[in-house]
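Peer 1: Quick one: this structure, given as structure tokens, is what I'll be asking you about.
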Amino acid sequence: MKKKVLITGGCGYIGSQIALEMLRGDKFEPVSIDNFCNSSSTIPDQVQNLTGKRYKNYNINLLASEALRVVFEEHEFYGLIHLAALKSIPQSLKYPLKYYENNIISLTNVLKYCHEFKVPKLVFSSSCSVYGAEAEFPVDEQSPVADRQASSYSNTKKIGEEIVRDFSAGLDINCIILRYFNPAGSDHTGELGETPSEESGFIPKIVWKAMKGELIEIYGEDYDTRDGTCVRDFIHIQDLAEAHIQALSTTDTDQVEVINVGSGNGMTVLEVAEALKRRLAGVRFEYRNRRIGDIPCIFSDNTHAMTKLQWVPRLGLEEILDSQIKWTNTYLSRTNEDVIGNEIV
Ligand SMILES: NC(=O)c1ccc[n+]([C@@H]2O[C@H](COP(=O)([O-])OP(=O)(O)OC[C@H]3O[C@@H](n4cnc5c(N)ncnc54)[C@H](O)[C@@H]3O)[C@@H](O)[C@H]2O)c1
């Protein structure tokens, strides 16, 4: 019998892919809480179209503590994946209190019910941004977390990790903190993915812009990297979803285990833009000045994930770009936006 898992933010970019992979598999049954503040109520339908199976979403704001109780009363959860959060770094610099309130209070509300209803397993979504700019690369889990975080967003992740650690002390709960590097790409079908926007990550954004015939902006060409542009570690969304399934499946971890989820490869943003140029006709990019807050280089040592989770990233930049192009095409046709630069080279 499948074990029930509550996914907060289960209609978002990462949460919907995890729900999809759970429905494709035979181990876990997803249940979601998502108030659609950054997603669409049509996501469970889209997942149902792909799998023939539906997952239930409760449209509840996680800040409304009492409203959550009913979800825990209706289901017995084996695990909880806490993804729900606001995630834009620039927005968090502008509206820090909104970020602290949403990301921290949501977490404490969820943990309260985890405790009361004795949920044995928790996975918390953190971010590689907690390492900061001073770390040596590649970063492993022993690398120091920056004292002073570059944004309120990343500070909510640092504080969130500390809350999870404090919360679990003395309780019978296993907590896995996953530090994601740069999730990118879409489901291989091209039928599910992140709604593109100015706030999207680098790859979703440049594919979206290129397919609308817009100029791609690359910020900074004079960093101390192999071609002067920033280095990032892109992890395919399906590999990332699989890491969650493995995190729920493993029993071989400390009570609180921190695990990097990255590809283990650093790619420059110029290399990615050039790879896109080889796939799509008419890709244009220009350099702009460095942006405040951008870390020059970050990529993971993912050995710990491979050992503890018995997980290996299977999909690389080609699959990331191909799936992203496929999904962006679907998205643009669903929204009737003009697709200009979609001629595959
Ligand atoms: N996507 C990335 O690049 C990335 C990188 C590192 C870490 N993360 C973390 O992974 C998690 C998921 O990211 P994502 O890319 O899927 O983001 P997303 O915005 O697509 O999904 C988050 C979901 O949470 C929901 N949500 C937010 N606040 C809520 C609240 N108070 N009540 C109910 N629902 C709420 C939103 O509606 C959204 O559907 C986040 O915690 C994010 O910080 C993401």
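The values are calculated or read from the model by the stated rules, or taken from the named source; none is laboratory data. Small disclaimer: the values here were computed from a predicted structure and weren't measured. In this analysis, Cβ positions are derived from the backbone assuming ideal geometry, glycine residues included, and neighbour counts consider all displayed protein chains.
Peer 1: Out of all the residues in the range 228-239, is one or more assigned to a strand (DSSP E or B) and either at pLDDT below 95 or closer than 30 Å to K2 by Cα (or both)?
Peer 2: Within the range 228-239, the subset assigned to a strand (DSSP E or B) is 231-232, 234-236.
From what's left, either at pLDDT below 95 or closer than 30 Å to K2 by Cα (or both): 235-236.
Within the range 228-239, one or more residues are assigned to a strand (DSSP E or B) and either at pLDDT below 95 or closer than 30 Å to K2 by Cα (or both).
Peer 1: As an exercise: evaluate T51 against (1) within 23 Å of T330 (Cβ to Cβ); (2) in contact (Cβ under 8 Å) with a residue 40 or more places away in the chain; (3) more than 16 Å from the ligand (Cβ to nearest atom); (4) not basic (K, R) and give the number of the one condition it does not meet.
Peer 2: (2)
Peer 1: Go through Y223, Y219 for me and flag whichever is surrounded by fewer than 18 Cβ atoms within 10 Å (Cβ to Cβ), at pLDDT 95 or above and under 24 Å from S263 (Cα atoms).
Peer 2: Details: Y223 fails: surrounded by fewer than 18 Cβ atoms within 10 Å (Cβ to Cβ).
Unique residue meeting the criteria: Y219.
Peer 1: Anything in the range 290-338 that is aromatic (F, W, Y) and not in a helix (DSSP H, G or I)? List them, or say none.
Peer 2: Quick first cut of the range 290-338, residues aromatic (F, W, Y) only: 299, 311, 327, 331.
If the condition is that a residue be aromatic (F, W, Y) and not in a helix (DSSP H, G or I), then F299, W311 are the ones that fit.
Peer 1: Among the basic types (K, R), over 27 Å from K158 (Cα atoms) and free of Cβ contacts under 8 Å to residues at least 24 places away in the same chain: which single residue out of K205, K209 fits that description? Show your work before the answer.
Peer 2: Working: K205 fails: over 27 Å from K158 (Cα atoms).
After ruling out the rest, the residue left standing is K209.
Peer 1: Follow-up. Looking at G213, G316, G262, which one is at pLDDT below 95 and surrounded by 14 or more Cβ atoms within 10 Å (Cβ to Cβ)?
Peer 2: On the way: G316 fails: at pLDDT below 95; G262 fails: at pLDDT below 95.
Unique residue meeting the criteria: G213.
Peer 1: Right, next: Go through the range 141-174 and give me each residue that's in a helix (DSSP H, G or I) and under 23 Å from F77 (Cα atoms). Even if it seems obvious, please write down each step before you answer.
Peer 2: First pass over the range 141-174, keeping only residues in a helix (DSSP H, G or I): 152-168.
Listed by number, the residues that qualify are G160, E161, I163, V164, R165, D166, F167, S168.
Peer 1: Let me ask another. How many residues does the range 240-255 hold that are part of a loop (DSSP other than H, G, I, E, B) and either of a type in the set (S, T, Y) or surrounded by 21 or more Cβ atoms within 10 Å (Cβ to Cβ) (or both)? Explain how you work it out, then say what you get.
Peer 2: First pass over the range 240-255, keeping only residues part of a loop (DSSP other than H, G, I, E, B): 250-255.
Filter once more, so that each one left must be either of a type in the set (S, T, Y) or surrounded by 21 or more Cβ atoms within 10 Å (Cβ to Cβ) (or both): 250-251, 253.
Number of matching residues: 3.
Peer 1: So, in the range 18-43, of the ones that are more than 12 Å from the ligand (Cβ to nearest atom) and surrounded by 16 or more Cβ atoms within 10 Å (Cβ to Cβ), which residue ends up nearest to N102 (Cα to Cα)?
Peer 2: Of everything passing the filter in the range 18-43, V31 is nearest to N102 (Cα to Cα).
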